[in-house]
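The values are calculated or read from the model by the stated rules, or taken from the named source; none is laboratory data. Treat the numbers as computed from the prediction; the structure is a model and nothing was measured. Virtual Cβ from ideal backbone geometry, glycine too; neighbours counted across all protein chains shown.
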Amino acid sequence: MRKFNSNEIKKILCIKPRGIGDIVLSTIILDNLIAYFPGVKIDYLTEYFAKDAVDNNPLINKLLTMERTEFPLKVAYRIRKEKYNLILDLWSNPRSAQITFLSRVKYRVGFGYRGRKYAYNILATSDRGAHHSAEHNLELLHALSIPVHSKIIHYYISQEDDNFGKDFIKNNFSDNAAIIGIVPSGGWESKRCDSSKWVEICKAISAKFKSKFLILWGPGDEDDANYIKNHLSDLSILAPRTSVKRMSGLIKNCSMIIANDSGPMHISAALGIPTLGLFGPTDPKTHGPYSENSAYVINENLFCRICNLQKCLYKHECFNDMSLDIIVEKVSLLLEKSEKAIASNEKA
């Protein structure tokens, strides 16, 4: 292992190629790096499609992008030209390990996963699942003996995107209702709460609170979003087709967000919006919304919960049998924390 000299560090590259939520969670390291290396420049390398996760982040000096199929040596050549002193490979998968090794950066830090240790001269623990995935990123700092004084994750939106969200909410909703954004997205089929269950959830919430629902969706969510809209009728508004940045502007202007385990869920938490995560095959203790004003619901009674399977082997009971009473209770607690919720939301 190479001995680390902190005085040499003037420019750092953080590698986190994908997905949106994972990149947002990785920003937990930024405040700590800036505190430990005054005046340091921190760049990020992501895949092009995921760059919106950090594109507006003022803590990041420069954003580098690559294509998913781009030859690792070609990416490494671009990194060499930037003259970094330190690389933090927050992904540490086989491809990012190759890129890190080929970069020839003096200090190369990554997780000690099997088959990838060759790429790094400073190794962090490979233990996963012992803490939230956001905090797993901090293991790279522990490997460098960098103290952790902040566990804040960061996501920023432009004023233009914020205004887009404000205008859409103002033009489509009345002032006397809590606006609850719902996100039926999910990277795996098994992580997506069924659209019929979403309808049940929204109707149960509406029966207790003076609330309306904004259905937020992305590519691949069209069928679920339209089904929910058609069955909620005037209780909901379907958001327009948007980019990640525009969707974030809508999220920022909701009273709270209810979401599957997904990128928008992590964006919502990073923006400080009260966030409720709905979980089935993944573990909310390691992947839940990472903020003080967030919560999660999981069907604790199932033997097959947290199966980590991309397709359900049964009847999706993790979502379909989820308690509406527990969801409404969690929504009540989170609405109390929302600055955008009306004080008299709860019906007598």
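Note on the stretch 194-220: among residues that are in a loop (DSSP other than H, G, I, E, B) and surrounded by 20 or more Cβ atoms within 10 Å (Cβ to Cβ), the one that is modelled with the highest pLDDT is L216.
Residue under question is V24, and the condition is that it be without any contact (Cβ under 8 Å) to a residue 40 or more places away in the chain, in contact with a helix residue (DSSP H, G or I) (Cβ under 8 Å, 6 or more places away or on another chain) and of a type outside the set (S, T, Y); does it hold?
Spelling it out, it is not the case that V24 is without any contact (Cβ under 8 Å) to a residue 40 or more places away in the chain, in contact with a helix residue (DSSP H, G or I) (Cβ under 8 Å, 6 or more places away or on another chain) and of a type outside the set (S, T, Y).
A76 fulfils the conditions (1) over 30 Å from L271 (Cβ atoms); (2) exposed (fewer than 15 other Cβ atoms within 10 Å of the Cβ); (3) modelled with pLDDT of 95 or more except for a single criterion, (2). Is it the case that K191 is modelled with pLDDT of 95 or more and within 26 Å of D261 (Cβ to Cβ)? Criteria not met by K191. Of all residues in the stretch 292-313, those being buried (at least 18 other Cβ atoms within 10 Å of the Cβ) and under 22 Å from D325 (Cα atoms) number 6. Could you grab me the full set of residues in the stretch 317-348 that are among the hydrophobic types (A, V, I, L, M, F, W, C), part of a loop (DSSP other than H, G, I, E, B) and modelled with pLDDT of 90 or more? M322 - this is the single residue of the stretch 317-348 that is among the hydrophobic types (A, V, I, L, M, F, W, C), part of a loop (DSSP other than H, G, I, E, B) and modelled with pLDDT of 90 or more. Condition first: among the small types (G, A, S) and touching a Phe, Trp or Tyr at 6+ places or on another chain (Cβ under 7 Å). Now tell me which residues in the stretch 70-110 satisfy that. S92, G110 - these are the residues of the stretch 70-110 that are among the small types (G, A, S) and touching a Phe, Trp or Tyr at 6+ places or on another chain (Cβ under 7 Å).
Of the strands (runs of 3 or more DSSP E) lying entirely inside the stretch 79-133, those containing at least 3 residues that are in contact with a Ser or Thr (Cβ under 8 Å, 6 or more places away or on another chain) and buried (at least 18 other Cβ atoms within 10 Å of the Cβ) are 107-111. Would you confirm, using the coordinates I've provided, whether S26 is polar (S, T, N, Q), over 17 Å from A119 (Cα atoms), assigned to a helix (DSSP H, G or I) and at pLDDT 95 or above? Considered against the rule, which asks whether it is polar (S, T, N, Q), over 17 Å from A119 (Cα atoms), assigned to a helix (DSSP H, G or I) and at pLDDT 95 or above, S26 comes out as yes.
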